[in-house]
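To keep things clear, I will list the structure first and then write my remarks on it.
The numbers here are math on the coordinates, done by the rules we state, and not lab data. Because the structure is predicted, anything quoted here is derived from the model rather than measured. With ideal geometry, Cβ positions are generated from the backbone for all residues, glycine too; neighbour counts draw on all protein chains shown.
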Amino acid sequence: MSILIKNGRIITATDDYVADIFTEGETVRAIGKNLKLEAGRVIDAAGKLVFPGGIDPHVHLEMPFMGTYSSDSYETGTRAALFGGTTMVIDFILQKQGSPLRSALEEWKKRSNNNCVGDYSFHMAVTDFNDITKKEIRDLVENEGITSFKTFMAYKGALMIDDRQMIGLMEEVKKCGGLINVHATNGDMIDYLIAKHRGEGKLSPLYHYLSQPEITEAEASERFTDMTFYTGCPGYIVHLTCEGALNAVRNATRRNQKVFVETCIQYLILDASLYEKDFEGAKWVMSPPLREKKDQATLWAGINQGLVQVVATDHCPFKWEQKLLGKNDFAKIPNGHPAIENRMELLYSEGVSKGRITLNKYVEVACTNPAKIFGMFPRKGTIAVGSDADIVIFDPDEQHTLSAKTHHMNVDYSGYEGWEVTGKVKTVLLRGQVAIDDNKCLLKKGYGQFIKRNKVDNKI
Ligand code: URP
Ligand code: ZN
Ligand code: ZN
């Protein structure tokens, strides 16, 4: 199979030029002006933008969580991602406390093997760090290509580890060439505030928000940053939402420390006023919660300052009937919202189209930095000779409206219902195959491959 993409405006994290791209098999073979090469298919991309396939490094597919499972399977989730221009995702394995990491890996492999449409990888969430777990880290890095280890400073009693475990894990991960990811909020403070609000009979979704004030995230982000400084372990803060937390990272840069920061599309464009909609606010119950307009401004600025390197989704969808588990108690609402399909278009529309970020920055935070930070560059995350032919052809002018009626995620509402978006994904290639064309998915489940990742380089 060979494809010639003609006359597209190719955007990478550093370049912006009009040229042709020739792909053969799974790979980009040539890039140049007026390429005279025979191809099985020719795609006219004149007037279109051509991006590398998006990489969403924070998704939860078919994940057991809060007494239920997130509603997108590996098939529906990776297919929806492709519709939205994301060709690869990184999902989270959750260790069961008291069990080895290997058992969790086998369980996650059973659900995902041969079921993905798009490419994928795993982070391993370590929820119980002990002498047995310690011995498993090197095996995962060297034999499984799983080089990032997630920790939770929150979800007390379920997923949270304490600082003693955190330090031990950091030392081991550093030795093995990996990276620590963290959900950085103060679990004890949040646990206290949840109990307080429940005790006072304050049970609506608004109290989910009020139980996780900005200070809980700022404090934990600073503590995590200090611990990575002390151990020298590369660190990555997932779903950072607010000014206080970003200031903790900013302070760390004063001692020449590098901590990677991910925010998510929802924190850039939605705010906490949505929790005032009574129980409908449950659609946006996620942790950390949505914040304030001033935090959105801080995050956009953080992207431009290079303090925020990645825009992900934390896609963790639950159908409305699942959200209703918390009808009478905010603490029982499954945490998470659907966005895997919407990230690339929303970030383009709200970011590039509205002049908040440049086209190069867009590709950097949505495609290139995730590939670099998580050990897949230059195979993934760019358009270059020798890279995987993961390519998005994008119409920058097409206007459309987001809706649950037309999305492909397995969830019966949209967190962005009625949003008017400028820019649309038209054609997507995944490893040289046309995945999305004319609003149809042409790939079957099983095409998506598990991508083994390399050890981590702390400098990107
Ligand atoms: O609300 C969220 N974020 N749900 C998924 C789990 C997590 O904390 O990332
Ligand atoms: Zn989290
Ligand atoms: Zn998450």
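The selection criterion, being among the hydrophobic types (A, V, I, L, M, F, W, C), touching a Leu at 6+ places or on another chain (Cβ under 8 Å) and either touching a residue at least 60 places away in the same chain (Cβ under 8 Å) or surrounded by fewer than 18 Cβ atoms within 10 Å (Cβ to Cβ) (or both), holds for I146. Of the helices (runs of 4 or more DSSP H) that lie entirely inside the stretch 325-380, not one contains 3 or more residues that are in contact with a Cys (Cβ under 6 Å, 6 or more places away or on another chain) and crowded, with 24+ Cβ neighbours inside 10 Å. Taken as a whole, the structure leaves N335 outside the set of residues that are touching a residue at least 24 places away in the same chain (Cβ under 8 Å), more than 16 Å from ligand 3 (Cβ to nearest atom) and out of contact with any Gly (no Cβ under 9 Å at 6 or more places or on another chain).
Can you confirm whether the stretch 307-322 contains a residue that is small (G, A, S) and surrounded by fewer than 24 Cβ atoms within 10 Å (Cβ to Cβ)? No; the residues of the stretch 307-322 include none that is small (G, A, S) and surrounded by fewer than 24 Cβ atoms within 10 Å (Cβ to Cβ).
Here is the figure for the stretch 62-74: residues that are more than 9 Å from ligand 1 (Cβ to nearest atom) and either closer than 14 Å to K332 by Cα or free of Cβ contacts under 8 Å to residues at least 60 places away in the same chain (or both) total 5.
I want to confirm something. Restricting to the stretch 343-357 and keeping residues that are of a type outside the set (K, R) and in contact with a helix residue (DSSP H, G or I) (Cβ under 7 Å, 6 or more places away or on another chain), which single residue is nearest to T14 (Cα to Cα)? Among them, the one singled out is I357.
Counting only residues that are more than 16 Å from ligand 1 (Cβ to nearest atom), farther than 30 Å from T422 by Cβ and of a type in the set (A, V, I, L, M), the stretch 324-350 holds 1 of them. If you take the residues in the stretch 251-271 that are in contact (Cβ under 8 Å) with a residue 12 or more places away in the chain and charged (D, E, K, R), which one is surrounded by the fewest Cβ atoms within 10 Å (Cβ to Cβ)? In this case the residue turns out to be R255.
Taking the stretch 127-176 as the range and being closer than 25 Å to M66 by Cβ, away from ligand 2 (no atom under 14 Å from the Cβ) and part of a loop (DSSP other than H, G, I, E, B) as the test, the residues that pass are D128, F129, N130, I146, G157, D162. Among residues of the stretch 306-318 that are on the phi > 0 side of the Ramachandran plot, those with a beta-carbon under 7 Å from a residue that is within 10 Å of ligand 1 (Cβ to nearest atom) and not in a loop (DSSP other than H, G, I, E, B) at least six positions away or on a different chain give the pairs D314/H58; D314/C264.
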